[in-house]
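S.K.: Mind looking over this structure? Questions follow.
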Amino acid sequence: MKNLALLATLVTGALLLYGTKDFPAWGDPQDPASTYLSPYYIENAVEQTHVPNIVTAVLGDYRGYDTMFETVVIYCAGMAVLSVLWRKKEE
Amino acid sequence: MEMIVDEIVAKYNYWIYVVLMMIGFYAMIGKRNLMKKLIGMNIFQTSIILFFVSTGVKKGGGIPIVDKYQALAGNVDAASIVNPLPHVLMLTAIVVGVSVTGVALAVLQRIYREYGTLEEDEILEKLQR
Amino acid sequence: MRDIHEHTAGEDLIIKTSVRLMVPFIQVFGLYVIVHGHYSPGGGFQGGVILGASFILLALAFGMKTSQEYMTVSVNAVFNNLGPAIFIGVGVLCALFGGLFLDYSALDKLIPLGPVEWRSFGIFLIEVGVGVAVMSIMVLLYWNLSSGGAMDEGL
């Protein structure tokens, strides 16, 4: 069983490493991850929201829905733990 | 041979994160104890978070906190500041990872209370009887 | 079947003294990280985890009964729900005043500060809600996991 798992891990690792051949060079300012939307956020976030921290401005204002659902997720995790593990004190 | 060495040196961060990913993946499928599988899942999540944040780095760029008066005057150079979008998405991913770990630990406690063991083959045996 | 061993909690004098000195500073630092999310790295999630960790430190050093004197189970239940309620409340308030959901510049009709200033203040209100939610859920997770659900003793 462990040999089979090791073989599967090595094959997956080799496929992933072969896939990194197509990536752009590390640190390129013109790669597709940094050209469509993030220059708009970097240039316009401070004058539209007066918040110098761009990460907080994007998290709280431009992507406020994601933060709301993340708060709901952590609330649901608390309720799930409470419902799985609740029991009365044994006297 | 020269081309392979050049490729490895140019993108060495992706290679390191794939190695970390495979360590977590092997722990998830190759170990028999349920707690070790959970730790493998945590290693996998950590490597994915690091991988995403590293795709947004720019050469010689600074952190995404700008000077307020310089930005209101209008001279912010978008090529000298690191891409802020992966940082934002990975904050959510970290919190989701913590929630999943918490619920998984609670379920593991119930399994231990019911079956008395955390080894996967002993639990399968007890289920089939 | 009780599978929790009987511990006499909080016996070591060095740990008790140093934790008693450290916990107020940790809480003030957590509040600082929440409020300064606009100008330095930080914000709601990070500050909430630091505040939750201060209560968990108190429970580890003094025993769970002592930490439940400082944050009782019912107060924890109130804070659990107050966090998402602040967040969604701000969103609904924005929608009531004519804007979209979570569009902070529509709150300008309530107190006239200027639409751009309201965006900055709206982000601050959101971060407070997130910080309270994360703090109380961290403490609840620790209490449940370390006592097997009964929340009376353990670790």
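The values are calculated or read from the model by the stated rules, or taken from the named source; none is laboratory data. Note that the structure is predicted; figures quoted are calculated from it, not measured. Methodologically, a virtual Cβ is constructed for each residue, glycine included, from the backbone with ideal geometry; neighbour enumeration extends over all protein chains shown.
S.K.: Pick from B:57, B:96, B:100: which is closer than 30 Å to residue A:33 by Cα and modelled with pLDDT under 90?
M.R.: None of the other options fit; the residue is B:57.
S.K.: Moving on. Within the range A:1-29, track down each residue that is more than 8 Å from chain B (Cβ to nearest Cβ), over 30 Å from residue B:32 (Cβ atoms) and surrounded by 10 or more Cβ atoms within 10 Å (Cβ to Cβ).
M.R.: Of everything in the range A:1-29, those that are more than 8 Å from chain B (Cβ to nearest Cβ), over 30 Å from residue B:32 (Cβ atoms) and surrounded by 10 or more Cβ atoms within 10 Å (Cβ to Cβ) turn out to be A:19, A:24.
S.K.: Please specify each residue of the range B:28-46 satisfying the condition of being of a type in the set (A, V, I, L, M, F, W, C) and without any contact (Cβ under 8 Å) to a residue 12 or more places away in the chain.
M.R.: Selection gives B:29 alone.
S.K.: Right, something else. Output the residue which, of all residues in the range B:28-43 that are at pLDDT 95 or above and within 18 Å of residue A:13 (Cβ to Cβ), is farthest from the chain's Cα centre (by Cα).
M.R.: My answer is B:40.
S.K.: For a quick check of your reading of the model, give me the residue pairs whose first member lies in the range C:42-65 and is free of Cβ contacts under 8 Å to residues at least 60 places away in the same chain and surrounded by fewer than 22 Cβ atoms within 10 Å (Cβ to Cβ), whose second is of a type in the set (D, E, K, R) and in a helix (DSSP H, G or I), with beta-carbon atoms closer than 8 Å and at least 6 apart or on different chains.
M.R.: Correct list of pairs: C:61/C:16; C:62/C:16.
S.K.: When residue B:15 is evaluated against the numbered criteria (1) closer than 26 Å to residue A:11 by Cβ; (2) more than 7 Å from chain A (Cβ to nearest Cβ), which criterion, by number, is the only one it fails?
M.R.: Every listed condition holds for residue B:15 apart from (2).
S.K.: Still on this structure, I have one more. So residue A:42 passes all but one of these: (1) under 24 Å from residue B:59 (Cα atoms); (2) within 7 Å of chain B (Cβ to nearest Cβ); (3) surrounded by fewer than 15 Cβ atoms within 10 Å (Cβ to Cβ). Which condition number does it fail?
M.R.: Evaluating residue A:42 over (1) under 24 Å from residue B:59 (Cα atoms); (2) within 7 Å of chain B (Cβ to nearest Cβ); (3) surrounded by fewer than 15 Cβ atoms within 10 Å (Cβ to Cβ) leaves (3) as the failure.
S.K.: Take residue C:92 and tell me if it is more than 10 Å from chain A (Cβ to nearest Cβ) and either closer than 28 Å to residue A:80 by Cα or in contact with a strand residue (DSSP E or B) (Cβ under 9 Å, 6 or more places away or on another chain) (or both).
M.R.: Taking the combined requirement at face value, the residue satisfies it.
S.K.: Hey, which of the helices (runs of 4 or more DSSP H) in the range B:27-129, taking only ones fully inside, have at least 3 residues that are surrounded by 16 or more Cβ atoms within 10 Å (Cβ to Cβ)? Steps first, please.
M.R.: Working: elements: B:34-54, B:68-73, B:85-115, B:120-128.
Where helices (runs of 4 or more DSSP H) fall fully within the range B:27-129 and carry at least 3 residues being surrounded by 16 or more Cβ atoms within 10 Å (Cβ to Cβ), they are B:34-54, B:85-115.
S.K.: Right, another one. Restricting to the range A:55-70, what's the tally of residues that are in contact with a His (Cβ under 8 Å, 6 or more places away or on another chain) and more than 8 Å from chain B (Cβ to nearest Cβ)? Let's see the steps before the verdict.
M.R.: Step one: list which residues in the range A:55-70 are in contact with a His (Cβ under 8 Å, 6 or more places away or on another chain), which gives A:55-56.
From what is left, the residues that are more than 8 Å from chain B (Cβ to nearest Cβ) are A:56.
The number of residues fulfilling the criteria is 1.
S.K.: In this structure, does residue A:73 turn out to be facing another protein chain (nearest Cβ under 7 Å) and either surrounded by fewer than 17 Cβ atoms within 10 Å (Cβ to Cβ) or in a loop (DSSP other than H, G, I, E, B) (or both)? Spell out how you get there, then give the answer.
M.R.: Values: facing another protein chain (nearest Cβ under 7 Å): yes; either surrounded by fewer than 17 Cβ atoms within 10 Å (Cβ to Cβ) or in a loop (DSSP other than H, G, I, E, B) (or both): yes.
Answer is yes for this residue.
S.K.: Any chance you could count how many residues in the range B:72-129 are over 16 Å from the mean Cα position of the chain (by Cα), within 7 Å of chain A (Cβ to nearest Cβ) and closer than 30 Å to residue C:117 by Cα?
M.R.: Selection size over the range B:72-129: 8.
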